[in-house]
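Report on the following structure.
The values are calculated or read from the model by the stated rules, or taken from the named source; none is laboratory data. These numbers come from a predicted model, not from an experiment. In this analysis, Cβ positions are derived from the backbone assuming ideal geometry, glycine residues included, and neighbour counts consider all displayed protein chains.
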Amino acid sequence: MTFAFHNPQPLKVLIADDHDLFASSLAELFSWYPDLNVVGRAADGAEAVLLASRLQPDVVVMDVNMPCFDGIVATRQITRTLERTRVVVLSALTDAETAFRARLAGATAYLRKGCPVEDLIAAVRADGSRSDRLELLERLPAATAIAH
């Protein structure tokens, strides 16, 4: 007999993106999944850090290019102060250097905007363990994700 693990509480998700239309679309997308609950939206890096501290999300979906300070700086601050909060970077930037900087800042995954929805949902749901990161990395093209 096997038992499926079911998390009784939805994952709390904070969206950080300065493009309101994109952030609204992400919030709508996540609303389709009962295990994901968007608890807030930030329009810049400083607001992302402030809201993460206040809301204590399980996951922050973070853009890189934002006003005040960028998503890399915000990721570093969030992962240093909130050890239970994971950051998934979702960016239009596809260069390996930015992905590497995001990973060094503490991001558990780096996805490009336009990636398959299933990959984004898998990254948000992943618990941050090495096996989850490696599984995600195996599913994505090399230029799309840095997750190890």
Filtered residues of region 85-98 (kept if under 13 Å from the mean Cα position of the chain (by Cα) and over 11 Å from VAL60 (Cβ atoms)): SER91
Every residue from region 9-47 that is of a type in the set (Val, Ile, Thr) and under 12 Å from VAL124 (Cβ atoms): VAL13, ILE15, VAL38
Test set (1) crowded, with 18+ Cβ neighbours inside 10 Å; (2) of a type in the set (S, T, N, Q); (3) closer than 19 Å to GLU118 by Cα - GLN77 fails condition number: (3)
Residues of region 80-119 classified as loosely packed, with under 12 Cβ neighbours inside 10 Å and among the hydroxyl-bearing types (Ser, Thr, Tyr), total: 1
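In this structure, is ALA46 crowded, with 20+ Cβ neighbours inside 10 Å and modelled with pLDDT of 95 or more?
Spelling it out, it is not the case that ALA46 is crowded, with 20+ Cβ neighbours inside 10 Å and modelled with pLDDT of 95 or more.
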Residue selected from region 84-103 under the condition modelled with pLDDT of 95 or more and of a type in the set (S, T, N, Q), by the criterion nearest to ARG125 (Cα to Cα): THR85
Extreme residue, farthest from ALA43 (Cα to Cα), among residues of region 104-131 that are out of contact with any strand residue (DSSP E or B) (no Cβ under 9 Å at 6 or more places or on another chain) and at pLDDT below 95: SER131
Residue count, region 99-131 (criterion: assigned to a strand (DSSP E or B) and closer than 12 Å to VAL60 by Cβ): 1
GLN77 being within 27 Å of PRO8 (Cβ to Cβ) and not β-branched (Val, Ile, Thr): no
